[in-house]
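The values are calculated or read from the model by the stated rules, or taken from the named source; none is laboratory data. For clarity, every value in this text was computed on a predicted model and none was experimentally measured. Here the Cβ positions follow ideal geometry from the backbone for every residue, glycine too, while neighbour counts run over all protein chains shown.
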Amino acid sequence: GNSVTQMEGPVTLSEEAFLTINCTYTATGYPSLFWYVQYPGEGLQLLLKATKADDKGSNKGFEATYRKETTSFHLEKGSVQVSDSAVYFCALKASSGSARQLTFGSGTQLTVLP
Amino acid sequence: DVKVTQSSRYLVKRTGEKVFLECVQDMDHENMFWYRQDPGLGLRLIYFSYDVKMKEKGDIPEGYSVSREKKERFSLILESASTNQTSMYLCASSQSPGNTIYFGEGSWLTVV
C-alpha cells in the first residue's frame, strides 16, 4: 500500500538557519505530493504541492522537489523565522482510486528560536 | 478562497453523551472527510463522503457515524462518547476530480 515516511522530530533551529525536513514515499503509479503546515491550535493548511516528477512546489520561501528516482519530496527553506514554528505534514494522493486515498506522514514539529 | 468551517472549536462532553460535530464548506466540493489527530499517530481517516447521502468508512470508523444530507454539510456523530475519543477532529473537503484537500480549523473534543 501507499505510505509516507517523515523525518522524526522535534526539530529546533535558530532564526535564519537552513531547514530540511525529509520525506520519502512508497506508492504505485504517479502520486501527487503535498506539504501541509499546522500552526499551534489550528487545522492544516496546504503549504505547497507537486503533481508530477521534477516539479518544484514553492510557497512562503519553502520549496520541495518531486524526485521520482529517489521517491522523495524533502521540504527546504533557506532562512527560517520564529513564525515558521509549526507541525509539518508530508502527504501523497494516489494517482488512481478514490479521493479518500490521501496518505499522511506522522508530522514533524519545528521550533524556531529567536 | 476555500472555506471549511467547523462549528465548534472546543467541546467538553460526558461519557455516554451523543455528540455532533458539524462541518460546512462553501466551494461546492463533492468530497468531504473527517479525520482525527492524535499525538504520535498523525491524521487518521474516520469517514469519507463522495456525494450527498453517500459515505465510506475510513481507517477507524468504530464508534462514529456520519451524515451528509446536503452537499455543503458533513456531520460526525459520536453515538455514545467515550474517553478514548478525546482528540482533535479535523474536517476537510476536496473537488472531484482533484488533488488538494482543504481543512477546517479543527474541533478539540474532551470526553470526561
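In table form, for the structure just shown:
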{"quantity": "Members of segment B:54-85 that are farther than 20 Å from A:Leu102 by Cβ, touching a strand residue (DSSP E or B) at 6+ places or on another chain (Cβ under 6 Å) and without any contact (Cβ under 8 Å) to a residue 24 or more places away in the chain", "calculated": "B:Ser65, B:Ser67"}
{"quantity": "Candidate set: segment A:1-42, residues that are touching a Ser or Thr at 6+ places or on another chain (Cβ under 6 Å) and of a type in the set (Gly, Ala, Ser); chosen: the one surrounded by the fewest Cβ atoms within 10 Å (Cβ to Cβ)", "calculated": "A:Gly29"}
{"quantity": "Top-ranked residue of segment A:23-66 - restricted to ones that are more than 13 Å from the chain's Cα centre (by Cα) and among the basic types (Lys, Arg), ranked as farthest from the other protein chains (Cβ to nearest Cβ)", "calculated": "A:Lys60"}
{"quantity": "Matching residues in segment B:12-63 - criterion: being assigned to a loop (DSSP other than H, G, I, E, B) and within 11 Å of chain A (Cβ to nearest Cβ)", "calculated": "B:His29, B:Glu30, B:Pro39, B:Gly40, B:Leu41, B:Gly58, B:Asp59"}
{"quantity": "Boolean, A:Ser79 is part of a loop (DSSP other than H, G, I, E, B) and under 24 Å from B:Cys91 (Cα atoms)", "calculated": "no"}
{"quantity": "Residue list for segment B:83-112, restricted to those being surrounded by fewer than 14 Cβ atoms within 10 Å (Cβ to Cβ) and either β-branched (Val, Ile, Thr) or more than 25 Å from A:Pro31 (Cβ to Cβ) (or both)", "calculated": "B:Thr83, B:Asn84, B:Thr110, B:Val112"}
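Yes/no per residue for (1) within 25 Å of A:Leu46 (Cβ to Cβ); (2) exposed (fewer than 14 other Cβ atoms within 10 Å of the Cβ); (3) at pLDDT 95 or above:
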position: B:Gly16; (1), (2), (3): no, yes, yes
position: B:Val24; (1), (2), (3): yes, no, yes
position: B:His29; (1), (2), (3): yes, no, no
position: B:Trp34; (1), (2), (3): yes, no, yes
position: B:Pro39; (1), (2), (3): yes, yes, no
position: B:Ser49; (1), (2), (3): yes, no, no
position: B:Glu56; (1), (2), (3): yes, no, no
position: B:Tyr64; (1), (2), (3): no, no, yes
position: B:Arg73; (1), (2), (3): yes, no, yes
